[in-house]
Amino acid sequence: MLNYQPLNVLPQDIQQDWMAQLHKATPTEKGVFRLVAARRTKPKSFEEQRVTVLVVDENGFPIPNIRVAFSYSTADAFTLSGDFLWTPPDPPKAFIVPTSGSGQIDQIQGGGVKKGEPGGVTVYLLEPEFSSDYVSGAGMLADHTGLHLTFQLRRAGVKPLMQRIEEIEARLDAIEAGK
């Protein structure tokens, strides 16, 4: 279990090298997927030339079958069903693929990021009940590094296990201090 904290901005190297930006979503009444980690991947590794997305629950455990949208100019258009509680970023064009049993999925990037320009890929999660933070400007650098993004589900009214344990420990400490 990991105790993730939502990111407010992308790491400096990702902002500079990709010209990428983090866009924070307004939560629906059910909750939101927050970006909680972002890192560059190493070239000449199994992660090179990819945008990899890991999706975890409130306790840091992987979630399978979450639809990830890799949006780019030549992707297929999609339409939203009537049960969507939020509106994803424009344009409604994306390669949409579910996370595997490990909660992870990746997209190999064919087009490189040009120096001084943002990459051409926007990444977000496309689930009807939960809005999603999104990263614009993703892609592959000329040196073949890619991005690894971790999104965490934050359901309304659900406390992560680690937070609940901390609360119980605090109550036990208070009880023991009263003896």
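The values are calculated or read from the model by the stated rules, or taken from the named source; none is laboratory data. None of these values were measured; they are calculated from a predicted model. For neighbour counting, all protein chains shown are included, and Cβ atoms are generated from backbone atoms with ideal geometry for every residue, glycine included.
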**Report entry** Residues located in the range 1-27, provided they are of a type in the set (S, T, N, Q) and closer than 12 Å to residue 133 by Cα
**Finding:** 8, 21, 26
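Among what's in the range 24-43 and is among the β-branched types (Val, Ile, Thr) and within 16 Å of the chain's Cα centre (by Cα), pick the residue that is surrounded by the most Cβ atoms within 10 Å (Cβ to Cβ). Steps first, answer last, please.
We begin by selecting, within the range 24-43, every residue among the β-branched types (Val, Ile, Thr); these are 26, 28, 32, 36, 41.
Filter again for within 16 Å of the chain's Cα centre (by Cα), leaving 26, 32, 36, 41.
Values: 26: 7, 32: 22, 36: 20, 41: 20.
So, considering only residues that are among the β-branched types (Val, Ile, Thr) and within 16 Å of the chain's Cα centre (by Cα), the one surrounded by the most Cβ atoms within 10 Å (Cβ to Cβ) is 32.
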**Report entry** Residue list for the range 24-40, restricted to those being assigned to a strand (DSSP E or B), among the basic types (Lys, Arg) and under 18 Å from residue 157 (Cβ atoms)
**Finding:** 34
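Would you say residue 52 is at pLDDT below 95 and under 27 Å from residue 159 (Cα atoms)?
Working: at pLDDT below 95: yes; under 27 Å from residue 159 (Cα atoms): yes.
Taking the combined requirement at face value, the residue satisfies it.
Tell me which residues, restricted to the range 121-178, are aliphatic (A, V, I, L, M) and within 16 Å of the chain's Cα centre (by Cα).
At the first step, the residues of the range 121-178 found to be aliphatic (A, V, I, L, M) are 121, 123, 125-126, 135, 138, 140-142, 147, 149, 153, 156, 158, 161-162, 165, 168, 170, 172, 174-175, 177.
Answer for the range 121-178, where residues must be aliphatic (A, V, I, L, M) and within 16 Å of the chain's Cα centre (by Cα): 121, 123, 125, 126, 135, 138, 147, 149, 153.
How do the strands (runs of 3 or more DSSP E) wholly within the range 44-162 filter down when requiring 2 or more residues that are among the hydrophobic types (A, V, I, L, M, F, W, C) and touching a residue at least 40 places away in the same chain (Cβ under 8 Å): which remain?
Hits in the range 44-162: 50-56, 67-71, 104-108, 121-125, 134-138, 147-155.
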Query raised in the report: How about the range 49-97: which of its residues are within 13 Å of residue 126 (Cα to Cα), β-branched (Val, Ile, Thr) and surrounded by 19 or more Cβ atoms within 10 Å (Cβ to Cβ)?
Result: 53, 55, 66, 68
Report summary line: (1) out of contact with any strand residue (DSSP E or B) (no Cβ under 7 Å at 6 or more places or on another chain); (2) at pLDDT 90 or above all hold for residue 27 apart from (1)
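What is the residue count in the range 1-23 for residues that are assigned to a loop (DSSP other than H, G, I, E, B), of a type outside the set (Ser, Thr, Tyr) and more than 11 Å from the chain's Cα centre (by Cα)? Don't jump to the end; show me each part of the working.
If we filter the range 1-23 for residues that are assigned to a loop (DSSP other than H, G, I, E, B), which is where we start, we get 1-11, 19-20.
Those left that are additionally of a type outside the set (Ser, Thr, Tyr): 1-3, 5-11, 19-20.
Right, trim to more than 11 Å from the chain's Cα centre (by Cα) and you get 1-3, 5, 8-11, 19-20.
Residues that pass the stated criteria total 10.
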